[in-house]
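K.L.:
One structure coming up, written as structure tokens, with questions to follow.
The values are calculated or read from the model by the stated rules, or taken from the named source; none is laboratory data. On a predicted model such as this, the values are computed, not experimentally measured, just so you know. Glycine gets a Cβ as well: all are built from the backbone with ideal geometry, and neighbour counts include every protein chain shown.
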Amino acid sequence: MILQEKREETTIYFYTGEIKNLLLFREDKVTGNKSIINHSRALRPHSIQQHSQLEVAKEIKKTEKVCIFCQYENEELPLASKEKRYEKGEAVIFQNKYPFAEKHYVGIITKKHFVNIFKVKHFRDVFLAFKELIEDELSNEYFYINMNFLPPAGASIVHPHVQAFTFAKPTPKHQLIIEGMKKHGKEKWLKEHKDKGLQISEGNSFEIFATFAPTLNSEIAWVSYENRRLNDLKNKELKEMSNIIVSIINYYLHLNPFNAFNFAIYEHEQHGVLGFIGLRKPLTKYYSSDRGFLENYHGMQVISTYPESIAKELKKSFKFISSYRK
Ligand SMILES: [Zn+2]
């Protein structure tokens, strides 16, 4: 079995009685994910209260005045390559000014500063623009398209945008998936999800399902039937994928108009085009996370402090300890 589960019931005692919790320890041998599901943890008390939707909307409005993505023609935004930015409809791609890879791109997907209902064209256009960029600029590197939506998902800018990057080797989480697919096979992986009632839909080119051992809450995955790469997808297949993404996102935003989310799309001849999307906490006034798609879906950390500097700095405070040592 690729999808494995161990169930455990715990009992917590009170003077007034007892409550039981059901814990599901799950493992997916293809993704390498190990998740613990306890539905009642959603009931935990939180010391910090959520802000009202009106307050959150006011905060978003404030960010519009200082948004660099609202000015498409802004010359301070980098180009995608030496010569140009890639544009399609409202989508525009340029290089990330603060990259974590040699080729790290940002793709703005709409002219609107904030949207809580996404449209298929938002994603279709940015995917078409990336397809053009891949053909012009990239060779055979591993290519990933990802999204952090809103600060609780790791986004530093509210304006909806995707990020893409290339690496010479697969990212650690992707490497596990490539090996898992090779060992167990995509068909068996999909069949086990279907047998457990997790299949959502069979599209023309993609199958959509809820993941058995998720990385994030309410996680959904989609995978192409054919093992092709992103720039081998036809325009109608890119449109179908955009439709899938938009349907999931609009469902998330229907639950809460300020819900944050991460997604990552991998491509490889072993499994085709494979995407994962999951919920983060909704936007609130004082919460911004430093963990986004790279940490959740690639198994890597981006760090902005030098370990050498912190060692040098703390050496001063620890001098007294070293002085005791003979
Ligand atoms: Zn903006």
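K.L.:
Condition check: hydroxyl-bearing (Ser, Thr, Tyr), within 16 Å of the ligand (Cβ to nearest atom) and under 30 Å from Phe127 (Cβ atoms). Does Thr31 satisfy that?
P.N.:
The answer is no for Thr31.
K.L.:
Oh, and also: Condition check: small (Gly, Ala, Ser), crowded, with 23+ Cβ neighbours inside 10 Å and outside any loop (DSSP other than H, G, I, E, B). Does Gly180 satisfy that?
P.N.:
Criteria not met by Gly180.
K.L.:
Okay, moving on. Go through the residues of segment 76-87 one by one and say whether even a single one is small (Gly, Ala, Ser) and either closer than 30 Å to Thr211 by Cβ or assigned to a strand (DSSP E or B) (or both).
P.N.:
no
K.L.:
Same structure again: Can you tell me which of Asn243, Asn227, Asn204, Asn250 is part of a helix (DSSP H, G or I) and over 25 Å from Arg291 (Cα atoms)? Please lay out each step first, then the result.
P.N.:
Details: Asn227 fails: part of a helix (DSSP H, G or I); Asn204 fails: part of a helix (DSSP H, G or I); Asn250 fails: over 25 Å from Arg291 (Cα atoms).
Going through Asn243, Asn227, Asn204, Asn250 in turn, the sole match is Asn243.
K.L.:
Another question, if that's okay. On the given criteria, is Ile157 out of contact with any Gly (no Cβ under 8 Å at 6 or more places or on another chain) and within 16 Å of the ligand (Cβ to nearest atom)?
P.N.:
So Ile157 fits the description; yes.
K.L.:
Moving on to the next point. Here are the criteria: (1) within 14 Å of the ligand (Cβ to nearest atom); (2) assigned to a loop (DSSP other than H, G, I, E, B); (3) aromatic (Phe, Trp, Tyr). Tell me which single one Phe69 does not satisfy.
P.N.:
(2)
K.L.:
While we're looking at this one, here's another question. Could you tell me whether segment 299-317 includes any residue that is in a loop (DSSP other than H, G, I, E, B), more than 24 Å from Val106 (Cα to Cα) and out of contact with any Pro (no Cβ under 7 Å at 6 or more places or on another chain)?
P.N.:
yes
K.L.:
Shifting gears a bit: Quick check: is even one residue across segment 252-265 closer than 22 Å to Asn204 by Cβ, over 16 Å from the mean Cα position of the chain (by Cα) and at pLDDT 95 or above? Spell out how you get there, then give the answer.
P.N.:
To start, the set of residues in segment 252-265 that are closer than 22 Å to Asn204 by Cβ comprises 263, 265.
Subsequent filtering for residues that are over 16 Å from the mean Cα position of the chain (by Cα) retains none.
The answer is no; no qualifying residue exists.
K.L.:
With respect to Pro170, determine if the residue is within 17 Å of the chain's Cα centre (by Cα), part of a loop (DSSP other than H, G, I, E, B), away from the ligand (no atom under 16 Å from the Cβ) and at pLDDT 95 or above. Write out each step before concluding.
P.N.:
On the way: within 17 Å of the chain's Cα centre (by Cα): yes; part of a loop (DSSP other than H, G, I, E, B): yes; away from the ligand (no atom under 16 Å from the Cβ): yes; at pLDDT 95 or above: yes.
Spelling it out, Pro170 is indeed within 17 Å of the chain's Cα centre (by Cα), part of a loop (DSSP other than H, G, I, E, B), away from the ligand (no atom under 16 Å from the Cβ) and at pLDDT 95 or above.
K.L.:
Within the set of pairs 6+ apart or on separate chains, which have a first residue in segment 49-66 that is over 15 Å from Lys281 (Cβ atoms), a second that is within 15 Å of the ligand (Cβ to nearest atom) and assigned to a helix (DSSP H, G or I), and C-beta atoms under 8 Å apart?
P.N.:
Qualifying pairs under 8 Å: Glu64/Cys70.
K.L.:
Still on this structure, please answer the following. Taking the criterion of being surrounded by 14 or more Cβ atoms within 10 Å (Cβ to Cβ), on the phi < 0 side of the Ramachandran plot and part of a helix (DSSP H, G or I), would at least one residue in segment 263-272 satisfy it?
P.N.:
no
K.L.:
Now a separate question. Which residue, of Asn146, Asn116, is of a type outside the set (Val, Ile, Thr), under 27 Å from Glu59 (Cα atoms) and not in a loop (DSSP other than H, G, I, E, B)?
P.N.:
Asn146
K.L.:
Quick check on my filter: what residues within segment 94-119 are away from the ligand (no atom under 16 Å from the Cβ) and either more than 19 Å from Glu83 (Cα to Cα) or surrounded by fewer than 20 Cβ atoms within 10 Å (Cβ to Cβ) (or both)?
P.N.:
Passing the criteria: Gln95, Asn96, Tyr98, Pro99, Phe100, Ala101, Glu102, Lys103, His104, Ile117, Lys119.
K.L.:
Keeping to segment 120-154, report how many residues are more than 16 Å from the ligand (Cβ to nearest atom) and over 15 Å from the mean Cα position of the chain (by Cα).
P.N.:
20
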